[in-house]
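Take a look at the structure set out below.
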Amino acid sequence: MKLIGVLGSLNVDLMATVPRFQEPGETITGTGFYTFTGGKGGNQAVASVKLGIPTMMIGKLGADQNGELYRKTLLELGIEQHTVQTVEHVPTGAAMIEVDPSGENRIVVVPGANYAVDRKQVDQTMHELLSCDVILMQLEIPMDTVEYAARRLHGEGKMVILNPAPAQPLSDRLLRSCTYITPNETELRILSGMDTNTDNQIKTAAQTLLDKGAQAVVVTLGSRGAILVTPHNTVHVPAFDVQAIDTTGAGDAFVAGFAIALIEGKSPVEAIRFANAAAALATTAVGAQSGMPTREQVLELMMTKTCS
């Protein structure tokens, strides 16, 4: 049986829906307020298990009400959590999210316990990590931990997918340790220091990551789909046309869908098409984790909808 491991962040999201994004110093009246479990690591774990693949989460929570809420969610969804540790005197990570009527969002993240995910925890859970067919990582835990884990897992021949968000400089050593890097356009611009306004610019910017050791780069483009850039070719895979309500978590649904399709034997291009469908469906409901689609929903969309 295939198994996905997620090493990353666990946040509780506090979301406000707003009629528009306010100006600095301006107070506006929101139209709704919601509390969700989130964090890019947790989102990717939830997306994976909802897509039908057993999933293990490796991370940290605070010894607080938000931590208890998150453990209850993981238990209800059937995500393996014995590798999620609790830290005292540090709050569970949190995110403040604003979503406008078009589905666009603005997010402020307070890391909390996520910044306590360290090399020691990686060592303690390495046996479990090595039992996974693919390991997903993001950058909402310390970079030192990400680099250490990626290097060890790469040395053991494991597939490692890094979602470099929030974007920050990546060492050549980390790039060499990842099977796939999955930035969006903005993150690629930050990683490469180059413009990413056109497909040609995206290809050139992604090539700089390949030159530094990355094996392949998958650039997500929102409503335009995604571009696969490898040393041998560049392929644009269009998105699926849906009515977006909330884009929060769409990138995490993409990463989970991409990973699942790969370990089930799909080619990278086929895996991106599956991932595009998962990401599109994730935008059609409010909340990152609550909006994650099932495998049946993804397959139905792929059969009934054309790409945009």
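Which one is farthest from L139 (Cα to Cα), of the residues in region 177-204 that are of a type in the set (D, E, K, R) and in contact (Cβ under 8 Å) with a residue 24 or more places away in the chain?
Going through the qualifying residues, I end up with D199.
Go through (1) outside any helix (DSSP H, G or I); (2) touching a Ser or Thr at 6+ places or on another chain (Cβ under 9 Å) and name the single condition V235 misses.
V235 satisfies every listed condition except (2).
How many residues are among the polar types (S, T, N, Q), at pLDDT 95 or above and over 18 Å from N184 (Cα atoms) if we restrict to region 234-281? Write out each step before concluding.
Going through region 234-281, the residues among the polar types (S, T, N, Q) turn out to be 234, 243, 247-248, 267, 276.
Of the ones still in play, those that are also at pLDDT 95 or above are 234, 267, 276.
With the extra rule that they be over 18 Å from N184 (Cα atoms), the set shrinks to 267.
Qualifying residue count, region 234-281: 1.
Of G42, G52, G38, which residue is at pLDDT 95 or above and buried (at least 24 other Cβ atoms within 10 Å of the Cβ)?
Sole residue among the options that is at pLDDT 95 or above and buried (at least 24 other Cβ atoms within 10 Å of the Cβ): G42.
Can you run down the residue pairs with Cβ atoms below 9 Å, 6 or more apart or on separate chains, where the first is in region 219-241 and free of Cβ contacts under 8 Å to residues at least 24 places away in the same chain and the partner is not acidic (D, E)?
So the pair list comes out as P231/Q207; P231/L210; P231/Q215; P231/A216.
Taking region 179-203 only, how many residues are over 20 Å from P166 (Cα atoms) and crowded, with 16+ Cβ neighbours inside 10 Å?
2
Could you give me the residue pairs with C-beta distances under 8 Å whose first residue belongs to region 287-303 and is in contact (Cβ under 8 Å) with a residue 12 or more places away in the chain and among the hydroxyl-bearing types (S, T, Y), whose second residue is in a loop (DSSP other than H, G, I, E, B) and surrounded by fewer than 23 Cβ atoms within 10 Å (Cβ to Cβ) wherever it lies, and which are 6+ apart or on separate chains?
Qualifying pairs under 8 Å: T294/G52.
Looking only at residues that are in contact with a Leu (Cβ under 7 Å, 6 or more places away or on another chain) and crowded, with 18+ Cβ neighbours inside 10 Å in region 72-87, which one is modelled with the lowest pLDDT?
So the first thing to find is which residues in region 72-87 are in contact with a Leu (Cβ under 7 Å, 6 or more places away or on another chain), and the list is 81, 84, 86.
Retained after the next criterion (residues that are crowded, with 18+ Cβ neighbours inside 10 Å): 81, 84.
On the way: Q81: 95, V84: 98.
The extreme case among them is Q81.
Being assigned to a loop (DSSP other than H, G, I, E, B) and not charged (D, E, K, R) is the filter here; which residues of region 171-204 pass it?
S171, S177, C178, T179, T182, P183, G193, M194, T196, N197, T198 - these are the residues of region 171-204 that are assigned to a loop (DSSP other than H, G, I, E, B) and not charged (D, E, K, R).
Could you list, ordered by first residue, the pairs with Cβ atoms under 7 Å in which the first is in region 16-35 and polar (S, T, N, Q) and the second is assigned to a loop (DSSP other than H, G, I, E, B), at least 6 apart or interchain?
T17/G30; T17/T31; Q22/I28; T31/V18; T31/P19
Give just the number: which of (1) crowded, with 17+ Cβ neighbours inside 10 Å; (2) within 17 Å of the chain's Cα centre (by Cα); (3) in a loop (DSSP other than H, G, I, E, B) does Q168 not satisfy?
(1)
Please work out if I227 is outside any helix (DSSP H, G or I) and surrounded by 16 or more Cβ atoms within 10 Å (Cβ to Cβ).
Yes: the conditions hold for I227.
Select from region 296-308 the residues that are over 14 Å from A279 (Cβ atoms), modelled with pLDDT of 90 or more and not hydrophobic (A, V, I, L, M, F, W, C) and list them in ascending order.
E296, E300
Only one residue in V109, V90 is buried (at least 18 other Cβ atoms within 10 Å of the Cβ), more than 16 Å from V255 (Cβ to Cβ) and at pLDDT 95 or above, so which one is that?
V90
Looking for something touching a Pro at 6+ places or on another chain (Cβ under 9 Å), within 21 Å of E185 (Cβ to Cβ) and either assigned to a strand (DSSP E or B) or touching a residue at least 40 places away in the same chain (Cβ under 8 Å) (or both) - is there at least one such residue anywhere in region 205-217?
Yes, because at least one residue in region 205-217 is touching a Pro at 6+ places or on another chain (Cβ under 9 Å), within 21 Å of E185 (Cβ to Cβ) and either assigned to a strand (DSSP E or B) or touching a residue at least 40 places away in the same chain (Cβ under 8 Å) (or both).
The values are calculated or read from the model by the stated rules, or taken from the named source; none is laboratory data. A quick note: this is a predicted structure, and the numbers were derived from the prediction, not measured. Every residue, glycine as well, gets a Cβ built from its backbone with ideal geometry; the counts of neighbours run over all protein chains shown.
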